[in-house]
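Engineer: Got a structure here, written out as structure tokens. Questions coming.
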Amino acid sequence: MEGNLVLLERKEHIAWITLNQPETLNALNYDMLQELRQAVDDVERDQEVCAIVITGAGRGFCSGANVMGASADRLAMGGMGLRSVVMEMNEVLLQIAEMEKPWLAAVNGPAVGGGCALALNCDLVLAAESAYLCVGYVNIGVVLDMGCSFVLPHLLGTHKAKELAFFGERIYAPQAVEMGLINRSVPDEELMDLVLGWASKLASGPTLAIGAMKQLIYRGQQGTLSDALQRETNLLSLISQTEDAAEGITAFFQKREPHFKGK
């Protein structure tokens, strides 16, 4: 992929996406957003990619949205220009959420504002102990965006979500695990080993089934129990016809480990 603000590398069915502007702790400017959007499109189309890791270069994951990095024309539009940039980022986040491949955020440093939202919109979040997450919008006098008003209450409940939103304080990784905001926190030097282990397990798993479960959980946050039961039944009937389902069931009865192909 052309450009150098977002790096994309593929290794053994895993795509590694790295935000690459370490001098700003990988603040999301407009050019980076365009490269990220292209990377997301690429991994979605690539049938060899079964899992995606996103992280940041240097000391940070992502320090938020750098609106001053938008084009002069967009900035000249004031609030409407900012809105158009945010709407483009929203499309990327929705694509990540609805993609039938698992996304793993490797939070190696500060994840602030839009960077926090980017991490939390991934399916799984692993973080270095020194890293922190911060919603932070209140600190500059603006409102939640990039899906935080949806993600935070579902992860934490209404009152805790309001606490994070109203005070904009840093939540370090060990505390974030205790709160249920992220999955795991490990010493900094162990982060990428854990990320590789999780990503490898995802990439060698039944890709279609994992994608279907991702959609069931995402859609299950809306609607009724009856809706969820119907979606589960419909997807079960489809996934049970895949090669991986046949292999999984056969391996179960043969008392051996299954060998999935992502088909």
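Read-outs throughout are calculated quantities, based only on the coordinates presented, and are distinct from any laboratory measurement. Since the model is a prediction, treat every value here as computed from it, not as a measurement. Please note: Cβ atoms are built from the backbone with ideal geometry, for glycine as well, and neighbour counts cover all protein chains shown.
Engineer: For helix 191-203, report the angle its Cα long axis makes with the longest principal axis of the Cα atoms of the chain; keep it between 0 and 90° and round to the nearest 10°.
Structural biologist: 40 degrees
Engineer: Cβ under 9 Å from T207's Cβ, T207 left aside: what net charge do those residues give with Lys, Arg +1 and Asp, Glu -1? Before the final figure, lay out the partial values.
Structural biologist: Working: positive: K101, K261, K263; negative: E100, D244.
Around T207, the surrounding residues sum to +1.
Engineer: Another question, if that's okay. For a protection proxy built on the mean count of beta-carbon atoms within 10 angstrom, sort 142-149, 42-49 highest first, please.
Structural biologist: Details: 142-149: 17.0, 42-49: 15.0.
Going by the mean number of other Cβ atoms within 10 Å, highest first, we get 142-149, 42-49.
Engineer: How long is the range 6-203 along each principal axis, judged by its Cα atoms, biggest number first, in Å?
Structural biologist: Sorted largest first, the three principal extents are 45, 35, 31 Å.
Engineer: Can you tell me which of 202-210, 175-183, 157-165 comes out highest on packing, and rank the rest after it, using the mean Cβ neighbours within 10 Å?
Structural biologist: Working: 202-210: 21.2, 175-183: 18.0, 157-165: 15.2.
Ranking the peptides 202-210, 175-183, 157-165 by packing returns 202-210, 175-183, 157-165.
Engineer: Quick one: Y218, Y172, Y30, fewest Cβ neighbours within 10 Å first, how do they rank? The partial results should precede the final answer.
Structural biologist: Details: Y218 13, Y172 16, Y30 19.
Least crowded to most crowded, the residues run Y218, Y172, Y30.
Engineer: Relative contact order for the chain using alpha-carbon pairs under 8 Å, separation at least 6, rounded to a whole percent? If you can, show how the numbers build up before the last one.
Structural biologist: On the way: 478 pairs, mean separation 41.8, N = 263.
Averaging sequence separation for qualifying contacts and normalising by length gives 16 percent for the chain.
Engineer: OK, next. In what sequence, highest mean first, do 186-196, 124-134, 221-231 appear when ranked by Cβ atoms within 10 angstrom? Numbers along the way, then the final one.
Structural biologist: Details: 186-196: 15.8, 124-134: 23.2, 221-231: 11.0.
For the peptides 186-196, 124-134, 221-231, the packing ranking is 124-134, 186-196, 221-231.
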